[in-house]
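Right, one structure below, let's go through it.
What follows is calculated from the coordinates using simple rules that are stated; it is not laboratory data. As the structure is a computational prediction, the values presented were derived from the model and not from experiment. Cβ atoms come from the backbone with ideal geometry, glycine included; neighbour counts cover every protein chain shown.
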Amino acid sequence: MKIDIVSVFPDYFDSLRLSLLGKAQDSGIVDLQTHDLRQWTHDVHRSVDDTPVGGGAGMVMKPEVWAECLDELIGGKPGDLSSSGELSGSSGELSGPVLIFPNPAALLFNQKQANDLSRKERIIFGCGRYEGYDARIPTYYRERGLDVREYSIGDYVLNGGEAAVSVMVEAITRLIPGFMGNPDSIVEESYSGAEGLLEYQQYTKPAQWRGLEVPSVLLSGDHAKVNRFRRDDSLTKTARIRPDIIERLECSALDKADCKI
Ligand code: 6GU
């Protein structure tokens, strides 16, 4: 997967060279490039923002700078995109990169979207700063046939999209086949199952520690009982701290034994 990240703080993403994501870049599973948006400015101040039309506080990122940057990264002149059909496959499905703009006033990013995005060949992230970016930027590229998405990572406000993009890149790349040493570890974890129940609690040795015991069923060696115990733990924990997830559960996802919870 090729990932481009555009930001006025490209150094923010140095941490993505560490750990498993760093290894995935070394092995060629992920090709991650960061770009300084100011590279596409022409004025002496290298300005990327301007005051909001209609008034109000703060600054808004200018469409011209973003368009020069994105046209170059996408490749081809903007007019080519829809007219030549270059970016839409014969099946009518969108090909070409997915463009993602972090935005606190957008759809919440979740595991389902991370899964879908982990199958894409190329993703370009455009990090907004200040009060946001001119709304015509996503509209323009959407109208030109690109798959353009805006996501928030939670109901709180950050100073810019950089932290949100870090989160999304990590959530997406770890799902790419071959990324994880042990692919089983992503199967059972929280949010990954079709139902999206929270993961059950885990324990390691010793069985007794500072007066606290590991639940005895986990030491029984009875796999059916262990599985039942873990599923009950997932269900009760989810019902207690994320009742919204339980409310969305399909009835068909539950078995008879679940219903005593
Ligand atoms: Cl994507 N951006 C900003 N600035 N704040 C956020 C966010 C994104 N998601 C949650 N808060």
Original post:
Counting only residues 5 or more places away or on other chains, whose amide H sits under 5 Å from the amide H of Met59 once H atoms are built in the peptide plane?
Top reply: Glu131
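Contact order normalised by length for the chain, with contacts defined as Cα pairs under 8 Å and 6 or more residues apart; what percent is it? The partial results should precede the final answer.
Details: 342 pairs, mean separation 46.0, N = 261.
Relative contact order of the chain: 18 percent.
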**OP:** Using θ = phi - 60° and the Karplus relation 6.51 cos²θ - 1.76 cosθ + 1.60, list the HN-Hα couplings for segment 229-243 in order, rounded to whole Hz, with x at every Gly or Pro.
**Re:** 4, 5, 5, 4, 4, 4, 5, 5, 5, 5, 4, 6, 9, 9, x
**OP:** Return the long-range amide H neighbours of Arg122 (sequence gap of 5 or more, or a different chain), with a cut-off of under 5 Å between placed amide H atoms.
**Re:** Lys2, Val98
Original post:
For Thr236 and Val44 in the same chain, what is the full-extension length gain: residue separation times 0.36 nm, less their Cα-Cα distance, in nm?
Top reply: 63.2 nm
Original post:
Along segment 110-125, what does the Karplus equation 6.51 cos²θ - 1.76 cosθ + 1.60 (θ = phi - 60°) give for ³J(HN,Hα), rounded to whole Hz, x for Gly and Pro?
Top reply: 9, 4, 5, 5, 4, 4, 4, 6, 5, 9, 7, 7, 8, 10, 10, 9
**OP:** Treat each spin label as a single point 7 Å out from the Cα along the C-beta direction, and report the Leu18 to Cys259 distance in nm.
**Re:** 4.9 nm
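Of the peptides 137-150, 23-36, 161-174, 213-226, how do they stack up when ordered by the mean number of other Cβ atoms within 10 Å, highest first?
Numbers: 137-150: 18.9, 23-36: 15.1, 161-174: 21.0, 213-226: 12.0.
Averaged packing, sorted descending, gives the order 161-174, 137-150, 23-36, 213-226.
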**OP:** Starting at the first residue of segment 167-178, write each ³J(HN,Hα) from the Karplus equation 6.51 cos²θ - 1.76 cosθ + 1.60 with θ = phi - 60°, in whole Hz, x for Gly and Pro.
**Re:** 4, 5, 4, 5, 5, 7, 5, 5, 8, 5, x, x
Subject >> Where Cα atoms sit under 17 Å apart: lysine pairs in the chain separated by 8 or more or lying on different chains >> reply: 6
Subject >> Calculated FRET value between Glu121 and Trp209, using beta carbons and R₀ = 51 Å, to 0.05 >> reply: 0.60
